[in-house]
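What follows is a single structure, written as structure tokens, with notes after it.
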2 protein chains.
Amino acid sequence: MARIVMKFGGTSMAGIERIRNVARRVKEEADAGHEVAVVVSAMSGETDRLVGFCREASPLYDPREYDVVVSSGEQVTSGLLAIVLQAMGCKARSWLGWQLPIGTSDAHASARIGTIDAETLGKAMSGGEVAVIPGFQGVTAEGRVTTLGRGGSDTSAVAIAAAMKADRCDIYTDVDGVYTTDPRIVPRARKLSKVTYEEMLELASVGAKVLQTRSVGLAMKERVRVRVLSSFDDARDEDGHRGTLIVGEDEIEEGSMERQLITGIAHDKNEAKITIVAVPDRPGAVATIFSPLADASINVDMIVQNVAHDTGSTDVTFTVPKAELARALDVLERERPTIGFDRVVHDTAVTKVSVVGVGMRSHAGVAAQMFKSLADRGINILAITTSEIKVSVLIHEDYTELAVRVLHTAYGLEAPEEAPEAVVGAASAT
Amino acid sequence: MARIVMKFGGTSMAGIERIRNVARRVKEEADAGHEVAVVVSAMSGETDRLVGFCREASPLYDPREYDVVVSSGEQVTSGLLAIVLQAMGCKARSWLGWQLPIGTSDAHASARIGTIDAETLGKAMSGGEVAVIPGFQGVTAEGRVTTLGRGGSDTSAVAIAAAMKADRCDIYTDVDGVYTTDPRIVPRARKLSKVTYEEMLELASVGAKVLQTRSVGLAMKERVRVRVLSSFDDARDEDGHRGTLIVGEDEIEEGSMERQLITGIAHDKNEAKITIVAVPDRPGAVATIFSPLADASINVDMIVQNVAHDTGSTDVTFTVPKAELARALDVLERERPTIGFDRVVHDTAVTKVSVVGVGMRSHAGVAAQMFKSLADRGINILAITTSEIKVSVLIHEDYTELAVRVLHTAYGLEAPEEAPEAVVGAASAT
């Protein structure tokens, strides 16, 4: 007997027929004797519809009322799933955010989960009743409805799994796991059966949009074993597993196939490059650029400071999310007297490509191999950042697919079925 | 300064543009210095959509989960109205059923309102903030979501008005008041500026579907002054009033134009006639018919027991709602050995036409005048029931419009604008 949290996304909940499919999966776990809590998203499209109403009502809507409106989508699907489960002979009831309660901060529209009353839920679950819980929603100490921000249902599921000390948190979605890279770019991308929290964080934040980043961070902090799998496809690995398990590094055996140097190749087209030309080359100059951007809550990612010109000035290049480019340019223009630069140029035709893997911690040469592979194909690198488990480069967007394919092959990530020699290559790379 | 409850139905809340129209009306009252609570329905069509989901999920849905699903429609509109009011510079917030709370019985899907916490709401309203309250919903003592049954938002509004000792409960709908009869049948039907609770109960329950019957009963019990008016039309009476006020009999002045003998003519096509042929004419025979029907929760309305035949048997005729005809016939067939009748015949091509008015309490001859007027036009009466303030007859449905017109004229109910002599006729009739 295990305690399991299952989470189903919007495409899995879109319409009663699909909810029946979800219910069958839930009932299977309940029939196997497990204690089950299910976290559900709104039907796909519903949250957009409700957000659209709020925006039409007023572009400057009160986030407290926005939360009342948009949280209704998950309320509907949780009631419907409870009905379908009961109709299948499976004891079930819905527990709304305020009923459990799921306590959150009062940062409406992007609240953070504080405490979850594990006692109420534990009693319900140990009584053999499936608890159906709307994701994305919670309640403040003052009793106002909150939501966790888009994609928040993943975070709800992980938080509930942590509070209930669940053995597993299964995130059902419309893909069957986490891949070494985007299969639309590399058809022979390989599904990973295990990936570490740290790798998943890097893969998610740079573009592999399977799980909400916040939920992965929470899972890592709370040591929740998360599994990503498809609600539409029952295919299993050769070792009988479904989906991708996201776990601590200690759970991935030394020397195993999983313990490769590089886990995956991610890419992200949502960055824009800004270059500030001719910044005075003196101490504190860089702070005058980045402090005002930070004050405006603009996330700066890659930063490159060029060698100083003979004129006593230097160029500074960095990236910001495309959505914040206009605001960033405004801030810089306003600060021009303080910073004292010549001019600002920007470029949105860029992509960030990253190689990710915990293996590189104990292995030199990953970055060098990356730069060489790209150079061999004539791909120019505009900026570089590295972390312990990631090397990212900024390139012109036209080279995105080529760069991903080149790196995927270079690190030997191809699926073994069609090209067993690629696995050998991967093994030799570690 | 008055304390006002305003209620807006589904057509008034259908889409953001209409919600803006609602908000303007609310703001007007708030700007006039009144304390305002607004009760809202779901957007028209939304409750049907949600009920449809539940039925598709399972015809035998758990009403507790049904309530979770269908209550979301009003949650959405209450949040949206609060947003629009704020955008117009009017302080406002939504209060969900569980937040106030609006305590109800645990008869899910048709719960009855028990207690409303007037203190919380009173504080909010006296602080100059419009309280936006989703109609139709409440919460049990155990903290489960309930709904009041279709049309329940009217009842929510009246209950809140009673709890808050509001000076007025304004029910905004898509008609501009209560008419002497259906204007689609009698174009010169007159809008009533006042009507008593008792009359409204009879008019509503026999077909003038402006207000939910339960809400009128509650208003009568709690002495809430209810006004029905249009949210789309600002037309006023010659005396400057809008809509129809529903009040106690004592508020309608003796000898005033309002104090007519007959207030209105209603008709109802939702009845079916059942005749049980040849029931043994002995004591207790009637009980054997109506007890099992009552046990099956089938509402029997008009009952006529004919004179006994020479054979020692009698025929019994009565009406039931058309929706319950099949069930009623089943019950009777099952009870045939006990009742001992010959056969059952039924007829759905019937209409109940009623004349309603508190004036008839102190005035004889209303029924006689009704029978004569119908007989003069050759309309056959199939059954009759009377109450203190109502006389109803069952006729063949083909004669519905004719009967309504004949009676509307006979009691002088025509609007005065086009036929002032009709008013004289009405005066002479009292």
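Here the relative contact order of chain B, from alpha carbon pairs under 8 Å that lie six or more residues apart, stands at 13 percent. Packing order of peptides B:236-243, B:14-21, highest average first: B:14-21, B:236-243 (average count of other Cβ atoms within 10 Å over each peptide's residues). Taking 7 Å steps out from each Cα toward its Cβ at A:ILE303 and B:MET88 produces label points 4.9 nm apart. Taking R0 as 41 Å, what FRET efficiency do you get between B:THR348 and A:ASP31 from their Cβ-Cβ distance, rounded to the nearest 0.05? Once rounded, the FRET efficiency stands at 0.30. Structure remark: mean-square fluctuation, Gaussian network model of chain B, C-alpha springs under 10 Å; the largest value among B:GLN137, B:GLN86, B:GLN305 belongs to B:GLN305.
Taking amide H positions as modeled 1.01 Å from N, with prolines and chain starts lacking one, the residues under 5 Å from A:ALA383 and 5 or more places away or on another chain are A:LEU394.
Going from the chain on its own to the full set of protein chains, segment B:59-78 has these residues losing 30 Å² or more of accessible surface (heavy atoms, 1.4 Å probe, no ligands, DNA or RNA): B:ASP62, B:GLU65, B:VAL68, B:VAL69, B:SER72, B:GLN75, B:VAL76. A viscosity of 1.567 mPa s and a temperature of 4 °C, combined with the Kirkwood radius over C-alpha pairs in the Stokes-Einstein formula, give the protein assembly as shown a diffusion coefficient of 40 µm²/s. Inter-chain neighbour count for A:8-16: the average number of beta-carbon atoms from partner chains within 10 Å of each residue's beta-carbon is 1. Note on chain B: helix-only mean residue ellipticity at 222 nm, from DSSP H runs of 4+ residues weighted -39500 (n - 2.57) and normalised by residue number, equals -10500 deg cm²/dmol.
The mean count of C-beta atoms from other chains within 10 Å of the C-beta of residues in A:92-103, rounded to a whole number, is 3.
Extending 7 Å from Cα along the Cβ direction at B:ILE185 and again at A:GLU119 yields two label points whose distance is 6.2 nm.
Taken over the alpha carbons of segment A:3-256 as equal point scatterers, the Debye sum produces base-10 log I(q)/I(0) values at 0.07, 0.10, 0.13 Å⁻¹ of -0.22, -0.46, -0.79.
For the rotational copy pair A/B, the chain A residue whose Cβ lies nearest the symmetry axis, together with its distance in Å, is A:SER72, 2. Considering the zone a paramagnetic label at A:GLU222 would reach in this model (a point 7 Å from Cα along the Cα-to-Cβ line), which residues of segment A:162-176 have amide N under 17 Å from it? Once the point is set 7 Å along Cα→Cβ of A:GLU222, A:162-172 turn out to lie under 17 Å by backbone N, inside segment A:162-176. At a Förster radius of 56 Å, what calculated FRET efficiency corresponds to the Cβ-Cβ distance of A:PHE290 and B:GLU17, to the nearest 0.05? The calculated FRET efficiency here is 0.80. GNM on chain B, alpha-carbon springs under 10 angstrom: the most fluctuating residue among B:THR47, B:THR314, B:THR400 is B:THR314. Among bridges DSSP assigns within chain B, what percent are antiparallel (round to 5)? The answer is about 60 percent antiparallel. Using a probe of 1.4 angstrom and keeping all protein chains present, the accessible surface of the protein assembly as shown works out to 41 square angstrom per residue.
Nonpolar atom fraction for the protein assembly as shown, defined as the carbon and sulfur part of the 1.4 Å probe accessible area, stands at 50 percent. Lys and Arg at +1, Asp and Glu at -1: add these up for the other residues within a Cβ distance under 11 Å of A:ILE389 and post the number. Summing Lys and Arg as +1 and Asp and Glu as -1 gives -3. Inter-label distance, B:LYS372 to A:ALA326: 8.0 nm, where each label sits 7 Å from its Cα along the C-beta direction.
Excluding ligands, DNA and RNA and using a 1.4 Å probe, chains B and A jointly bury around 3100 Å² of accessible surface, summed across both partners.
Taken along its three principal axes, the alpha carbon spread of chain B comes to 78, 58, 33 Å, from the longest extent down to the shortest. DSSP beta bridges fully contained in segment A:3-256 are about 25 percent antiparallel.
The values are calculated or read from the model by the stated rules, or taken from the named source; none is laboratory data. Predicted, not measured: the structure shown is a model, and the values here were computed from it. Quick reminder, even Gly has a Cβ in these numbers, built from the backbone with ideal geometry, and neighbours come from all protein chains shown. Surface accessibility is based on the protein's heavy atoms, side chains included, excluding ligands, DNA and RNA. Shrake-Rupley method; radii C 1.70, N 1.55, O 1.52, S 1.80 Å.
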